[in-house]
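The values are calculated or read from the model by the stated rules, or taken from the named source; none is laboratory data. Please read these numbers as outputs of a predicted model, since none were measured by experiment. Cβ placement follows ideal geometry from the backbone for every residue including glycine, while neighbour counts extend to all protein chains displayed. Remember, those area values only see protein heavy atoms, side chains included, never the ligands or the DNA or RNA. Shrake-Rupley method; radii C 1.70, N 1.55, O 1.52, S 1.80 Å.
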Amino acid sequence: MADDRLNFNSHVDYACNKAAKAFNAISRIMPNSAGPSSSKRRLLASVSCSILRYAGPAWNAALETHRNRTKLNRTFRLIAIRVATAYRTISSEAACVIAGMIPIFITLAEDSECYRRNGTRGIRKRMRAESIAKWQQEWNTATNGR
């Protein structure tokens, strides 16, 4: 979805709302205190993550605004908290580490780079290794959740 200024704000809003609705529907079958294991929770969460990542390379420039980054981070944080079966007071960084989910901004940057280098042999594996290294670097410098 593109708006009149081509800043993809409406697309980010739509994707976040759609992912939140999908994950809320899925979370009814996995209560926080019991239910499926974390690997099954991560599999169910991949549905909402796919909704957030849809056409990511096209609207990756929208992540430069604080508004869009906050909106995406807020939605992804809820997903990570549910996968980690954590309390709502946990930080985003800690929720991602416990859930074993790479933060959405790193994943979207990885998708964009893979799209840009389409046709290069082994690019997805190489970019995934770089994403994990970047995530580790962010975790080492994080002040919350340590």
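Once whole DSSP H runs in the chain are found, which of them have Cα atoms spread over 24 Å or more along the helix axis and a mean Kyte-Doolittle score of at least -0.5?
9-27
How much net charge surrounds ILE104 when only the other residues with a Cβ under 12 Å from the Cβ of ILE104 are counted, with Lys and Arg +1 and Asp and Glu -1?
+3
Please provide three numbers in whole Å: the alpha-carbon extents of the chain along the principal axes, with the largest listed first.
Ordered largest first, the chain gives principal extents of 42, 34, 30 Å.
Can you tell me which of ARG77, ARG116, ARG53 moves the most in a GNM of the chain? Springs connect C-alpha atoms under 10 Å apart.
Among ARG77, ARG116, ARG53, the largest GNM mean-square fluctuation belongs to ARG116.
Please work out the Kirkwood hydrodynamic radius for the range 24-108, using every pair of different C-alpha atoms, and report it in angstroms with one decimal place.
About 13.2 Å, per the Kirkwood formula over Cα pairs.
How large is the dipole of the chain about the Cα centre if only Lys and Arg carry +1 and Asp and Glu carry -1, each at its Cβ, rounded to the nearest 20 debye?
420
Give me the Debye-computed log₁₀ of I(q)/I(0) at q = 0.14, 0.28 Å⁻¹ for the range 78-146, equal point scatterers on Cα only, no solvent, two decimals.
Treating every Cα as an identical point scatterer, log10 I(q)/I(0) equals -0.48, -1.18.
In the chain, carbon and sulfur make up what percent of the accessible area (probe 1.4 Å)?
Taking all protein chains in place, the chain shows 53 percent carbon and sulfur surface.
Kindly list the residues of the range 47-63 that lie in the label zone of ARG28, defined by a backbone N under 17 Å from the point 7 Å along the Cα-to-C-beta vector.
The answer is 48.
Under a point spin-label approximation (7 Å from Cα along Cα-to-Cβ), what is the TYR115-ARG88 distance to one decimal in nm?
My value for the distance between the label points is 3.3 nm.
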